[in-house]
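What follows draws every value from the coordinates through simple rules; no lab data is involved. All of these numbers come straight from a predicted model, not from anything done at the bench. Quick reminder, even Gly has a Cβ in these numbers, built from the backbone with ideal geometry, and neighbours come from all protein chains shown.
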Amino acid sequence: MDYLYAILAFGGLVVTLSVLLIVSEKFLVNYGICKLDINAGERPLEVEGGQTLLESLYANKIFIPSACGGKGTCGHCKIVVTEGGGPLLPTETPHLSRKEQRNNVRLACQVKVREDIFVRIPTDLLNVKMYTSTVSISETMTYDIKLIRLKINGDEKISQRPGQYIQIEAPSPDGPTFRAYSISSPSYEDDCVEMMVRLLPGGIGSTYLHNLEIGDEVTFTGPFGEFILNEDPETEIICVGGGCGLAPMKNIVYSIYDKWPDRSCWLFFGCRGTSDIFYLKEFEELAKKHPNFHVVYALSEPEEGAVWDGETGFVHLPVDKMLGPDVTRQAFLCGPPLMIDAVTRVLEDKGIPSDEIFYDKFD
Ligand code: FES
């Protein structure tokens, strides 16, 4: 019993000291103005010490991806800190590979600015902007997926590459937070962005977006993402999506056929049953205009008695069955981790180099 009391007392002491440390750091310690050097002098800033690196950058309109409101749980806010970030914290290590740790990658939301600090940020991220927009379309696609189109306010334009995403600002009990959604509208449409949003039970972003009405105002940042489409029209493009992973594929496919009407491209889409099918008719119409565009939908659990004469089973099976050998290809995959892993194995077996397989895993 004494042993138990001792553990409880020690635990209480640790918690009290931690709280005191946080409170005293917030109200008593003054780090003054610190220099924030980005890309060796490209964007020198002066910021109030004591904030996190993520907050300091955001205050200067540099928008680093973040999907957890800076809680250290999403792992999206990675940047390279070459000097001045203090030691790596236990909250960061689960999100960083050994290689990233060796290369000074840090979570911007966990690094406190307590001294002059030197960071490296890719130019793409420095070009990310914040937009205000208005809902122009909110359309039900399936029982849990809505297509939402946002018209950017004023004369502002967005320059996005096929496969990139935006971060929507959504209200939450802890204040505004950001959630990531792939852009499904093609890159030649520069005055709007469209998304395909699955409603997740209790999901902050999806609940907010599903409840929006035409005319509502929405703030977002973007574009983000590292998908880069091969510009050589002889390279065949393979798109594989599961669930809402169809959104970036729609962007890629329409952007391709706007530029290269004869380019070869395969779109594979995996879902459970017929009630999860969406956008098939539109892709079939596109395939009539572009004979080198091939659309394959596969159902993993078709409902009993369902009218379906397409592929069945997990989507990596038709990928394996239909793609022949000896073709130069690039692939884009988006969907659940198990699907991505299975499709990646198939594509690597067919000779696509791993650095030509871009993917985005989400549940
Ligand atoms: S913002 Fe989510 S881990 Fe940093």
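Sum up the charges of everything whose Cβ sits under 12 Å from the Cβ of GLU55, counting Lys and Arg as +1 and Asp and Glu as -1, but leave GLU55 out. Intermediate results must be reported in sequence, preceding the final value.
Numbers: positive: LYS112; negative: GLU48.
Here the count lands on 0.
Would you mind checking which residues have amide H under 5 Å from ASP360's amide H? H placed 1.01 Å from N; only 5 or more apart, or other chain.
Sorted by chain and number, the residues that satisfy this are LEU333, CYS334, GLY335.
Mark the label point 7 Å from the Cα of LYS281 along Cα→Cβ and return the residues of the stretch 298-319 whose backbone N is within less than 18 Å of it.
Of the residues in the stretch 298-319, 307-310 have backbone N under 18 Å from the label point off LYS281.
Nearest 5 is fine: what % of DSSP beta bridges in the chain come out antiparallel, could you say?
Here the antiparallel bridges make up roughly 60 percent for the chain.
With θ set to phi - 60° and the Karplus curve 6.51 cos²θ - 1.76 cosθ + 1.60, what are the ³J(HN,Hα) couplings of the stretch 248-254 in order, to the nearest whole Hz, using x for Gly and Pro?
Per residue, the Karplus-derived 3J(HN,Hα) values read x, 5, 4, 4, 4, 4, 5 Hz.
Where a ≥ b ≥ c are the square roots of the eigenvalues of the C-alpha gyration tensor, would you call the stretch 173-322 rounded, which needs a/c under 1.5, or, failing that, prolate if a/b is larger than b/c, or oblate?
Details: a/c = 2.09, a/b = 1.24, b/c = 1.68.
The shape class here is oblate.
Would you kindly work out the equivalent ellipsoid of the chain from its C-alpha gyration tensor and give its semi-axes, the square roots of five times the eigenvalues, largest first in whole Å?
Numbers: eigenvalues 332, 116, 97 Å².
Semi-axis lengths for the chain are 41, 24, 22 Å.
Relative contact order (percent) for the chain, with alpha-carbon contacts under 8 angstrom and 6 or more residues of separation?
On the way: 704 pairs, mean separation 43.1, N = 363.
Here the relative contact order equals 12 percent.
Report relative contact order for the stretch 185-273 in percent, whole number only (criteria: Cα-Cα under 8 Å, sequence separation at least 6).
Values: 74 pairs, mean separation 29.0, N = 89.
Answer for the stretch 185-273 is 33 percent.
From the phi of every residue in the stretch 59-64, what ³J(HN,Hα) in whole Hz does the Karplus formula 6.51 cos²θ - 1.76 cosθ + 1.60 yield, where θ is phi - 60° and glycine or proline is x?
4, 9, 6, 10, 9, 8
Mind pulling the angle between the C-alpha long axis of helix 280-289 and the longest principal axis of the chain? Nearest 10 degrees, somewhere in 0 to 90.
60 degrees
For the stretch 171-235, taking Cα atoms only, what is the radius of gyration to one decimal and the Dmax to the nearest whole Å?
15.0, 50
For the chain, take the longest principal axis of its alpha carbons; what is the angle in degrees between that and the long axis of helix 2-27, to the nearest 10 within 0 to 90?
90 degrees
Under the rule a/c < 1.5 gives rounded, and otherwise a/b versus b/c splits prolate from oblate, where does the stretch 27-85 land using the Cα gyration tensor? Please report the intermediate quantities before stating the final value.
Working: a/c = 1.82, a/b = 1.18, b/c = 1.55.
Oblate is the answer for the stretch 27-85, as a/c is 1.5 or above yet b/c matches or exceeds a/b.
What order do you get for ASP124, ASP232 when you list them from fewest to most C-beta neighbours inside 10 Å?
ASP232, ASP124
Short version: ³J(HN,Hα) in whole Hz for each residue of the stretch 172-189, in order, from phi by Karplus 6.51 cos²θ - 1.76 cosθ + 1.60 (θ = phi - 60°), x for Gly and Pro, what are they?
So the J values, rounded to whole Hz, are 8, x, 8, x, x, 9, 10, 10, 8, 9, 5, 8, 9, 6, x, 5, 6, 8.
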